[in-house]
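Below is one structure, written out as structure tokens; the observations come after it.
The values are calculated or read from the model by the stated rules, or taken from the named source; none is laboratory data. For clarity, every value in this text was computed on a predicted model and none was experimentally measured. Here Cβ is always computed from backbone atoms with ideal geometry, including for glycine, and neighbour counts include all displayed protein chains. The accessibility values were calculated without ligands, DNA or RNA, using every heavy atom of the protein model including side chains. Shrake-Rupley method; radii C 1.70, N 1.55, O 1.52, S 1.80 Å.
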Amino acid sequence: MKFFSDPVLESMATRRSVSKVGSETPTDAELAALLAAVTPVADHKALRPWRLILLRGNDRIKLAEALDAAEGVERQPGDYNPKPFRAVLLIAIVASPKDHPKVPTWEQHATAVGAGHLLELALWQAGWGVMWRTGLLANSTQVRAAHGLAEEEHLMGWLYVGSIDDSFRKRMLESNRPALDPQQFLSRIPQ
């Protein structure tokens, strides 16, 4: 189903979370190029209160061990928490607030989430599958330490990134799923 003739709006309207991504991923250089679409995120006072951490290879083992430690789970040697292995590339979205008298921390967290969502849209438009995942342990002491977060930083979650299976892509292209009714999201202030 086609919603818009404009390719940007069409990409936004057809974006879907892809829970099972393939093993192909964008390179670091391709990710850096996509960041040009992310850096204009709404950012009060241009504080740039966000950063990204790329997790590939053994970084995912470190995350798996941190998740288990946070949950108090002990596994057999060589057995790891499977969650970080759902994708070959994870991108941690980190809110990194700066002290500013006119920009509260919550607003800087919103900027970080905005940057994460713009990156998700840019990856989608570039043909990659993405799933934003969080979880109750994302900001546990062990997971924060594994990511090297500073005390004031907050992990907003991970983008799981990879290729999209051809059959899933075909189903998406043939989908007749209607857009949500926008009226449910619009209102006016009380009179």
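Test each condition in (1) open to solvent by 90 Å² or more (accessible area, probe 1.4 Å); (2) assigned to a loop (DSSP other than H, G, I, E, B); (3) of a type in the set (S, T, N, Q) for ASN139 and report the one that comes out false.
Every condition holds for ASN139 apart from (1).
So for the stretch 126-136 (the condition being open to solvent by 70 Å² or more (accessible area, probe 1.4 Å), closer than 21 Å to SER17 by Cα and of a type in the set (D, E, K, R)), does at least one residue qualify? Before you say what the answer is, go through the steps one by one.
If we filter the stretch 126-136 for residues that are open to solvent by 70 Å² or more (accessible area, probe 1.4 Å), which is where we start, we get 134, 136.
Adding the requirement that they be closer than 21 Å to SER17 by Cα leaves 134, 136.
Okay, now just the ones that are also of a type in the set (D, E, K, R), so none.
No, there is no match, as no residue in the stretch 126-136 is open to solvent by 70 Å² or more (accessible area, probe 1.4 Å), closer than 21 Å to SER17 by Cα and of a type in the set (D, E, K, R).
Residues being part of a loop (DSSP other than H, G, I, E, B) and not hydroxyl-bearing (Ser, Thr, Tyr): count how many of those fall in the stretch 110-136.
Here is the first cut: in the stretch 110-136, the residues part of a loop (DSSP other than H, G, I, E, B) are 126-128, 134-136.
Restricting the remaining residues to those that are not hydroxyl-bearing (Ser, Thr, Tyr) gives 126-128, 135-136.
Within the stretch 110-136, residues that are part of a loop (DSSP other than H, G, I, E, B) and not hydroxyl-bearing (Ser, Thr, Tyr) number 5.
Among the numbered criteria (1) among the charged types (D, E, K, R); (2) free of Cβ contacts under 8 Å to residues at least 12 places away in the same chain; (3) in contact with a strand residue (DSSP E or B) (Cβ under 9 Å, 6 or more places away or on another chain), which single criterion is violated by LYS20?
Unmet condition: (2).
Might you let me know whether the stretch 27-45 holds any residue that is closer than 16 Å to GLU153 by Cβ and of a type in the set (A, V, I, L, M)?
We begin by selecting, within the stretch 27-45, every residue closer than 16 Å to GLU153 by Cβ; these are none.
No; the residues of the stretch 27-45 include none that is closer than 16 Å to GLU153 by Cβ and of a type in the set (A, V, I, L, M).
Any residue that is exposed (fewer than 15 other Cβ atoms within 10 Å of the Cβ) and of a type in the set (Ser, Thr, Tyr) - is there at least one of those in the stretch 147-162? Even if it seems obvious, please write down each step before you answer.
Filtering the stretch 147-162 for residues exposed (fewer than 15 other Cβ atoms within 10 Å of the Cβ) gives 148, 150-152.
Subsequent filtering for residues that are of a type in the set (Ser, Thr, Tyr) retains none.
No, the stretch 147-162 has no match at all.
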